Amino acid sequence: MKYQNPVISGFHPDPSICKVGEDFYLVTSTFEYFPSVPIFHSKDLVNWKQIGHCLTRDSQLPLHESKSSMGIFAPTIRYNNGKFYMITTNLTIGKNFIVWAENPEGPWSEPIWLDWPGIDPSLLFDEDGKVYLTGTQDIFRGEASGIYQAVINVETGEILTERRLIWQGTGGAHPEGPHLYKIKDHYYLMIAEGGTEYGHMVTMARSKQPFGPFESHPNNPFLTHRSSDSPIQATGHADLVQYIDGSWWTVFLGIRPAPIPFSGKHHHLGRETYLAPVDWNEEGWPVIGAQVELEMDGRTLKLEEKDQLSSKDDFNDANLAFSWNFLRNPSEECWSLTDRPGYLTLYGASTSLNDLGSQAFVGRRQQHFDCKVSTLLEFSPTKDGEEAGLTVFMNERFHYEIALGIRDGVKKVFVRRRIGSLWKVESEHVYTEEAIILNVHADAKNYTFSYQRQDGEAVILGSGECSLLSTEVAGGFTGVYFGLYAAGIRPKSSAPAYFDWFEYSN
């Protein structure tokens, strides 16, 4: 039976995976978004269902005024002796930390802060009870480039041995994303090199001892799509897992440049999570055969029927669905699900989509090139500067929006684009009614913005190129979000924005 890559689409980079019995759990990085580190569950490695987040409280996740693509970098999830452990870096405050939970759905503990520099920390729980902490060099102290390791007490965070350089990789830029495994009589060290761009790759080394010396895989890189014409690019930052039948698999990140002929390489969906089988050769090295494809042979995986998730959110539940995120730590004054039951209420403050502060923003990832999002908004602004609507958001300097607001003293629906230091209101129509449906149609090339009355036909108002929100143009490590937002005047807008529903379809 075949399966489709990516197995988790849209902005879900740096996947890490662990196995507990016949269940698998996976986490990815989230940077400036809150809550952070989504956790997924699967039985078959292909069909993943999000069951929560590891970081859900301000005390775990200080992101105030975090710059875009800072915040939470690559996490690692491991399970040992009845506990799940997630270790990661909050680059906004420059600290590594561990949280743990007895149930993957949470609640997760308060952070155990580590006196350990670098990024991309990982854990190995060895058979003799020792726990190895592996990470990258400290660039601020001028350490040599490479992978560093020590023994750690995971309950207290105390580093128990000296910090040692164990491998410098194969010569690729930015050796990072390390994972150490004990498989039979060898310690295998898998890392990412080449930078998380088109030269990205996975390399491997092994040793009889956890601190080395490590010998390089004779066929490094273990995995890469550099210099290929594959629709999957920038493959790297991988983690290994053994399926219930003993077969081995790897999850890793990759990107899908938009399939537009003669347009150059641009990707805007973010780095996604992919799956590939791993074989072992006679010399005891792991091998991935041909290139990873969008459609792969599931081999011995017991593939389950894919869940049909609801594409419409009526905001009738007490909590937001796991697919929703805020930008940085949200202010409780800016949003509510109870002020008007059955609606998501946003109160616009003076912080706009162009700023780095806490915003009245609730968004979800774009996960398909071809898709449509719609929302029903009720909004009665009274002052210039008050607006609410639907944004296509990459970061504070690159975004589009279709919104309802007061412009020059008149209530209008408008489309605006912000591209770097340039911004423009593309089109605007006077709109006197309180309720409006806002739509964004996406294909691989363009976003098309339209609006309609509840009983009327859609009116196209403007469009914008997807490539202008791509990583190649906008920079950073994230992907496009579709967001509901409100902006107003200091300290808080007197005109609440009521979103009755939001629908995502592809």
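Some points to look at:
- Any hit, the stretch 450-460, residues being out of contact with any Lys or Arg (no Cβ under 8 Å at 6 or more places or on another chain) and under 30 Å from T196 (Cα atoms): no
- Selection status of F262, out of contact with any helix residue (DSSP H, G or I) (no Cβ under 7 Å at 6 or more places or on another chain) and on the phi < 0 side of the Ramachandran plot: no
- Number of the exception - G456 against (1) buried (at least 16 other Cβ atoms within 10 Å of the Cβ); (2) on the phi < 0 side of the Ramachandran plot: (1)
- Matching option when the condition is part of a loop (DSSP other than H, G, I, E, B), touching a strand residue (DSSP E or B) at 6+ places or on another chain (Cβ under 6 Å), hydrophobic (A, V, I, L, M, F, W, C) and not assigned by TED's automatic domain parsing to the domain that holds L327, among L165, L61, L124, L133: L61
- Residue list for the stretch 98-121, restricted to those being over 23 Å from the mean Cα position of the chain (by Cα), touching a residue at least 24 places away in the same chain (Cβ under 8 Å) and assigned to a loop (DSSP other than H, G, I, E, B): D115, W116
Yes or no, residue by residue, for (1) modelled with pLDDT under 95; (2) within 24 Å of L63 (Cα to Cα):
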site: K306; (1), (2): yes, no
site: L309; (1), (2): yes, no
site: D339; (1), (2): no, no
site: L377; (1), (2): no, no
site: P381; (1), (2): yes, no
site: T391; (1), (2): no, yes
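- Residue in the stretch 241-262 that is modelled with the lowest pLDDT, counting only those that are closer than 19 Å to H368 by Cα and in a loop (DSSP other than H, G, I, E, B): P261
- From the options W423, W501, residue that is in contact with an Asp or Glu (Cβ under 6 Å, 6 or more places away or on another chain) and assigned by TED's automatic domain parsing to the domain that holds L344: W501
- Residue list for the stretch 308-351, restricted to those being over 19 Å from the mean Cα position of the chain (by Cα) and of a type in the set (S, T, Y): S310, S311, S331, S336, T338, Y343, T345, Y347, S350, T351
- Among (1) buried (at least 21 other Cβ atoms within 10 Å of the Cβ); (2) in contact with a His (Cβ under 7 Å, 6 or more places away or on another chain) - the single one R271 does not satisfy: (2)
- Search result, residues across the stretch 54-100 that are within 15 Å of V37 (Cβ to Cβ) and among the β-branched types (V, I, T): T56, I72, T76, I77, I87, T88, T89, T92, I98, V99
- If you go through the stretch 85-122 and keep only what is of a type in the set (A, V, I, L, M), under 19 Å from G21 (Cα atoms) and surrounded by 20 or more Cβ atoms within 10 Å (Cβ to Cβ), you end up with just M86.
- Within the stretch 181-214, being assigned to a strand (DSSP E or B) and closer than 30 Å to T471 by Cα holds for L189, M190, I191, A192, E193, M201, V202, T203, M204.
- For the residues A238, A276, A290, A234, the requirement of being among the hydrophobic types (A, V, I, L, M, F, W, C) and either outside the structural domain of E65 (by TED's automatic domain parsing) or in a loop (DSSP other than H, G, I, E, B) (or both) singles out A290.
- Unmet criterion (only one of (1) surrounded by 16 or more Cβ atoms within 10 Å (Cβ to Cβ); (2) modelled with pLDDT under 95; (3) part of a loop (DSSP other than H, G, I, E, B)) for F369: (2)
- Only listed residue being surrounded by fewer than 22 Cβ atoms within 10 Å (Cβ to Cβ), at pLDDT 95 or above and part of a strand (DSSP E or B), chosen from S450, S467: S450
- Hey, V480 surrounded by fewer than 20 Cβ atoms within 10 Å (Cβ to Cβ), touching a helix residue (DSSP H, G or I) at 6+ places or on another chain (Cβ under 9 Å) and at negative phi or not: no
- For the stretch 341-351, the criterion of being at positive phi and in contact with an Asp or Glu (Cβ under 9 Å, 6 or more places away or on another chain) is met by at least one residue.
The values are calculated or read from the model by the stated rules, or taken from the named source; none is laboratory data. This structure is a prediction, so every number in the text was calculated from the model and none was measured. As a convention, Cβ positions derive from the backbone with ideal geometry for all residues, glycine included, and neighbour counts pool all protein chains shown.
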